[in-house]
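The values are calculated or read from the model by the stated rules, or taken from the named source; none is laboratory data. What you are looking at is a predicted structure, and each value in this text was computed from that prediction instead of being measured. Cβ sites come from the backbone with ideal geometry, for glycine too, and all protein chains shown count toward neighbours.
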Amino acid sequence: MRRLLSVFCFLLAIARFGSLRAEGPRTPPARRCSAEMARVHSFCIDRWEIRTVDATTGEPLSPFYPPSARLAASVRDTWLCEQSMLGVAAARAFPLPELPSFQREHSFEPRAVSEAEAFPQAYLSYNLAKRACENAHKRLCTKDEWLTACRGQKSTQFPYGDSFRAGRCNVHRPIHPGHVLHASSSLGLLDPRLNLVEEGEEPLLRLTGTTLSCASEWSGEKIYDMVGNLDEWVEDKMFLGGFYARSTTKGCDAQVSSHAETYFDYSTGTRCCADLK
């Protein structure tokens, strides 16, 4: 009986081995990026500049104030006074955007959200940008990652090619919001109204992804506004790409590295990166 049982086990083992050989080695599942991100080589990057929400409740945070309860309150209180002191009469009458009651009455923690046709979050310091990405289970891009994504699969200086073309990206605009509100581009950089200034009927700061001619491409996937719209913080503690009123024709190579990690103003935003999953 034991001999018959041993033979049976041996035959069963052979059968299983043959079945495994027929199946071949199992292919590991493909590593992917989440839906709002594009794959670039071995990493993922947000297709659009981020907006922010409260990490716990998902409550939207204002893109016109820093996503910090303390800083937002300070900026609002300051500009309730300052708006009446700078600029011509029409500029002084330009109202402040509302700071939502949620941000005035509750503590909150920023979380990055990347989506099309959103007002991107400005007034980000390096520290706030990093926190927002980490709260979304992502991270800030390195400079090399950001530049690689911006240049696209063809590795060009601009998302659309090798030469600067006016109007293809939202950069080098002829109107500066500081001149409109303060008669100066170097005063009042924390004014919550700056990104609401328009050129004719067109806003200077555009909704994410609406500048269709400014898209970096990787394997048919598009990444929008890497040049222009907002400057973008990266892990190297600098911001890249230029914002809508920056007089730069350097495209992906535009960078500002002279500010501390606590610095923020109306032109500073970000997008996040992540490792493949």
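Taking region 102-157 on its own, how many of its residues are surrounded by 17 or more Cβ atoms within 10 Å (Cβ to Cβ), in a helix (DSSP H, G or I) and polar (S, T, N, Q)?
Counting residues in region 102-157 that are surrounded by 17 or more Cβ atoms within 10 Å (Cβ to Cβ), in a helix (DSSP H, G or I) and polar (S, T, N, Q) gives 3.
Here is a list: A38, A72, A91. Which entry is touching a His at 6+ places or on another chain (Cβ under 8 Å), outside any loop (DSSP other than H, G, I, E, B), surrounded by 13 or more Cβ atoms within 10 Å (Cβ to Cβ) and of a type outside the set (D, E, K, R)?
A91
Does T208 fit the bill of being in a loop (DSSP other than H, G, I, E, B), modelled with pLDDT of 95 or more, within 12 Å of the chain's Cα centre (by Cα) and under 19 Å from C133 (Cβ atoms)?
Yes, satisfied.
Given (1) of a type outside the set (F, W, Y); (2) out of contact with any Lys or Arg (no Cβ under 6 Å at 6 or more places or on another chain); (3) modelled with pLDDT of 90 or more; (4) outside any loop (DSSP other than H, G, I, E, B), identify the lone condition not met by P66.
(4)
Exactly one condition in (1) acidic (D, E); (2) buried (at least 19 other Cβ atoms within 10 Å of the Cβ); (3) in a loop (DSSP other than H, G, I, E, B) is false for E232; which is it?
Here E232 meets the rest and fails (3).
Counting only residues that are among the polar types (S, T, N, Q) and in a loop (DSSP other than H, G, I, E, B), which one in region 235-277 is nearest to the chain's Cα centre (by Cα)?
T270
So is L181 outside any helix (DSSP H, G or I) and either without any contact (Cβ under 8 Å) to a residue 40 or more places away in the chain or closer than 30 Å to A90 by Cα (or both) or not?
Answer is no for this residue.
Being out of contact with any Cys (no Cβ under 8 Å at 6 or more places or on another chain), within 19 Å of Y123 (Cα to Cα) and part of a loop (DSSP other than H, G, I, E, B), is that true of even one residue in region 194-204?
yes
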